[in-house]
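The structure appears right after this line, and notes come after that.
Every read-out reported here was derived from the displayed coordinates using simple, explicitly stated rules and does not represent laboratory data. Since the model is a prediction, treat every value here as computed from it, not as a measurement. Every residue, glycine as well, gets a Cβ built from its backbone with ideal geometry; the counts of neighbours run over all protein chains shown.
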2 protein chains.
Amino acid sequence: MNARFFAFVGGNSGIWKVVSNETLIGEPLGEVSRLDIVSGSKVHPDPHAGWVLRGITSNERYVVREEKSKLLAKQQGLGRPEATCAALIPIRKNSAWWALTQDERRHILEENSKHIKIGLRYLPAVARRLHHCRDLSEDEPFDFLTWFEFAPAHQADFNELVSELRATEEWNYVEREIDIRLVRE
Amino acid sequence: MNARFFAFVGGNSGIWKVVSNETLIGEPLGEVSRLDIVSGSKVHPDPHAGWVLRGITSNERYVVREEKSKLLAKQQGLGRPEATCAALIPIRKNSAWWALTQDERRHILEENSKHIKIGLRYLPAVARRLHHCRDLSEDEPFDFLTWFEFAPAHQADFNELVSELRATEEWNYVEREIDIRLVRE
């Protein structure tokens, strides 16, 4: 079985060196110098870590078969040797978002905001893994943690990707967003 | 904020007395005499309990606005004085289900199996709360825990509801199901 549960441990250790930590919306996340990514729900991260964000990969909530086929045909995995740049973007959506029904959320996310279509345009340059946190417990600080990896040559593309998404209707429902950039050392 | 996290503690205490514990598919769950329902993710249930099943309420995954409006108009809450009968039905679906895309799961669940439509016919007699478990950790024993409450006069209706659902295409994807019946004492 593939690992599904991941802890992102912000502190002084790990192969990922933090190069920036920008708060876009809501409460900031403390400054740390390095990030360690640990898998498995039985892990007990370093108690001296600055912070620990936990998330679990899961079934897709919005993607339809035609989109999934396109994604599978174009996407590449994490861990490519040339992909030495990364971003960790923790997000929380507001209660208005979570009160919407499935059809309403899908409509905003894709028909209006083109979230999946925009993401597809940046494949295979940007590799991505989405982790869900909202249903791990009642008081998680974020709903999602998205981890991205790309080569230094695609940094400008990645910046374009996130600014396209941040300009969509879907982002009106985001009430907390942090953008942490990292390099592998 | 409403409580979202619940632990169903099977043991020797709690206001719900177990009257039957039937394994429909897969591995059984141990026999216990009573059930206690505890809310909040910080709870530490009795270590002498026979078993503890944990789940969290969440946003709806399939319901569209029109269905939600009908559900809200007809449904009643848990804890009605006359609803002295209950059922706890833990379910796990197989990996084929979870590999389907959102449109495929919706199609099987509602267009083919009429899950929401069937449930609506038994409102307001049967009150229900759905708890998600699959994304609490990597190794939960079930994907969902559904808790139902109804008056003794509606026991036959409830039996009809569950047998209608068990005859649907959706149930081909169920790989573990337990049906525990209880009375409030």
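Laid out as a table, the results:
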| quantity | calculated |
| --- | --- |
| Charge dipole magnitude, Cβ of K and R +1, D and E -1 - chain B, Cα centre, debye nearest 20 | 660 |
| Cα-based shape type of segment A:5-184, given that a ≥ b ≥ c are square roots of the gyration tensor eigenvalues and the cut on a/c is 1.5 | oblate |
| Label-point gap, in nm, between B:Gln76 and A:Ser69 - each point 7 angstrom along Cα→Cβ | 4.9 |
| Rule-of-thumb Rg ratio for segment B:141-182 [Cα; 2.2 N^0.38 Å; N residues] | 1.27 |
| Kirkwood Rh, Cα atoms: Rg over Rh of the protein assembly as shown | 0.99 |
| Shielding of B:103-116 by partner chains, average beta-carbon count, 10 Å | 1 |
| Rotational relation A to B, axis-closest Cβ in chain A, residue and distance rounded to whole Å | A:Asp135, 3 |
| Under the Karplus curve 6.51 cos²θ - 1.76 cosθ + 1.60, θ = phi - 60°, whole-Hz ³J(HN,Hα) for segment A:119-126, x wherever Gly or Pro sits | x, 4, 5, 9, 8, x, 3, 9 |
| Inter-site label distance for B:Thr146 and B:Arg121 at 7 Å from Cα along Cβ, in nm | 1.4 |
| Spacing of the two label points (7 Å from each Cα toward its C-beta) at B:Ala153 and B:Tyr62, in nm | 3.1 |
